[in-house]
Amino acid sequence: MGAAQGFELIIAMFLVVVVLHYLAQRLSLPPAAALIVGGGALAFMPGLPSIAIDPELVLVLFLPPLLMDGAWFTAIAPFRRHMVGILSLAIGAVFFTTAVVAIVTKLLVPTLPWAACVALGAILSPPDAVSARAALQQVRLPRRLSALLEGESLLNDAAGLVLFRFAVAAVLTGSFSLGAATGSFFLLVLGGIAVGAAIGTLWVVALRRLGDDTLMIAATLLVSWSAYIVGEMLHVSGVIAVVTAGLTCGWHQHVVYSASVRIRALAFWHVLVFLLEAAVFTLIGLSLRGLLERVGDLRVVFDTMAWPVSMIVLAVIVARFAWVFGTDGLVAVLRRLGWHQARPLGPRAALVMSWAGMRGVVTLAVALSLPEAMPARDLMLVTAFIVILVTVLLQGTSLGWIIRHADPAEDPAALPPLDLQAAEQAMFRAQLAAVERIAHDEAGQLIHPQLLKRYQTRARAGQSFEGTAEELKAAIASHFDVIIAAVAAGRVELVRLHRAGRIDDETLHDLEHDLDLEELGAVAAKG
């Protein structure tokens, strides 16, 4: 397949992505499931060339920006507050699942070396950040569960990748040292943190000096790949480097970004992440054809692999249930014994956490990177693909139903100290104080009476309202509906004047930009 044909195939794939995503919305299906099924169907279209996925390219192309996106929007305070629970899932659950899968695989395939069984467990153990986000976009979770799942998805890939590399090395060399492996693990993590913090800090310093909106957005895009590539070049965890850089940039973006940069950057970033996520799931489906060509056909898979693969898939799902409910039960017992540092999730929240274990691009890419000399490589590839299909299509599509019926309660300790209304009033008071300071000239003469009146009205509106919070929300929504309608009328008039030749393109774009900002502000305030 030539370069031009490959580019045409990529464009066609993205056109199919748009169609599949639209159909998923119309049918109320998770987009990830529709994209995998659609990609699988496309893989067997007559005349379509076989898609060969380079696992290293998949990891370096897709993983850094998607991890960066998750870290960028991660709330630091809940992340720190729930760090023990996050590490329990990101490290403890990964190690536990790896051990369970290794034991089950050894029982099913006794001739397979232990190191190879551990390698398969490491491939299947970490839930995927992309799959988790794709499923969670369709549902609403209590803050604590959301923080735990988001934190887990950011960190668990590092644990799984480190385990996998040690296991593969043990298979190929025939030797393994637990002490050396443990020391190397902490070195990889600490080195990744250092690299990510350094690159994030350089980003903050650079953005204060660039000044150009386009350069600032481009620099932000390059941070994720830079952190991953530099981390891997220095033989530390590129995943941890990206997450650390993303947390650093997300923390400082509120003070280094101007309003215009933030609007443009977020719009660009959301489109990029949408395309990357969609491409990931479509490529998973497209890889089915190459996998079947390697192992033979579906009959070979059913005849020789159906039993071990189904048991390993079951082990992956059960292991997460065992870890989540086991650790939650331990926390409940310790709390009864007087240790009040942590709160148990409870059975309803634990059920949701256990079911939210979708696998995705990392599992596929790592499985494809298995060396040819790995024993039972075909079995591992098929198992990895089936685990992705089962978890995304079964767990991903039913997660919303599980959440609605389990109805996990919000943890009071996870609630913010200020609710939205109180925070909004505090912001209005600060704005009013600033306007009061600068609305007068040096002689004390009021020079901006209408502006001062506007901010006084905003600051006192919430305090003087005598209805309920729901009634206040409805009144605010009605207020901004009028603004949105006025913006729409203004835009129609601008277009009419432009079509009639009364104003030029530059005037149209300038005034339309003002209307766009006003509409964005009204929509945000209404929501």
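The values are calculated or read from the model by the stated rules, or taken from the named source; none is laboratory data. Values in this document were obtained by computation on a predicted structure and should not be read as measured data. Reconstructed Cβ throughout: ideal geometry from the backbone, glycine too, with neighbour counts over all protein chains shown. For accessibility, only protein heavy atoms count, side chains too; no ligands or nucleic acids. Shrake-Rupley method; radii C 1.70, N 1.55, O 1.52, S 1.80 Å.
Order these peptides, 18-27, 241-250, by their mean beta-carbon neighbour count within 10 angstrom, highest first.
241-250, 18-27
Ratio of the stretch 203-336's C-alpha Rg to 2.2 N^0.38 Å, to two decimals?
Relative to the rule-of-thumb radius for its length, the stretch 203-336 sits at 1.60.
What does the accessible area per residue of the stretch 180-271 come to in Å², with a 1.4 Å probe and no ligands, DNA or RNA counted?
On a per-residue basis, the stretch 180-271 sits at 49 Å².
Hey, for a label at His405 modelled as a point 7 Å past Cα toward Cβ, could you say which residues of the stretch 351-368 have their backbone N under 20 Å away?
351-358
Pull out the extension gain between His252 and Leu337, defined as 0.36 nm times the separation in residues minus the alpha carbon to alpha carbon distance; nm, one decimal.
That pair, His252 and Leu337, stretches by 26.4 nm at full extension.
Any idea of Asp510's accessible area? Nearest 10 Å², probe 1.4 Å.
90 Å²
What percentages make up the Cα-Cα pair-distance distribution of the stretch 1-74 when the bins are 5 Å wide from 0?
3, 13, 16, 21, 23, 16, 7, 2, 0
Could you check the spin-label model distance between Thr173 and Phe302? Points 7 Å from the Cα along Cα→Cβ, value in nm.
4.4 nm
Quote the FRET efficiency, to the nearest 0.05, computed for Tyr22 versus Leu394 with a Förster distance R0 of 22 Å and r equal to the Cβ-Cβ distance.
Once rounded, the FRET efficiency stands at 0.40.
With each pseudo-label sitting 7 Å past Cα toward Cβ, what's the Ile438-Ile53 distance in nm, one decimal?
5.2 nm
Provide the three semi-axes, in whole Å and in decreasing order, of the ellipsoid equivalent to the stretch 274-419 as defined by the square roots of 5 times the Cα gyration tensor eigenvalues.
37, 19, 14
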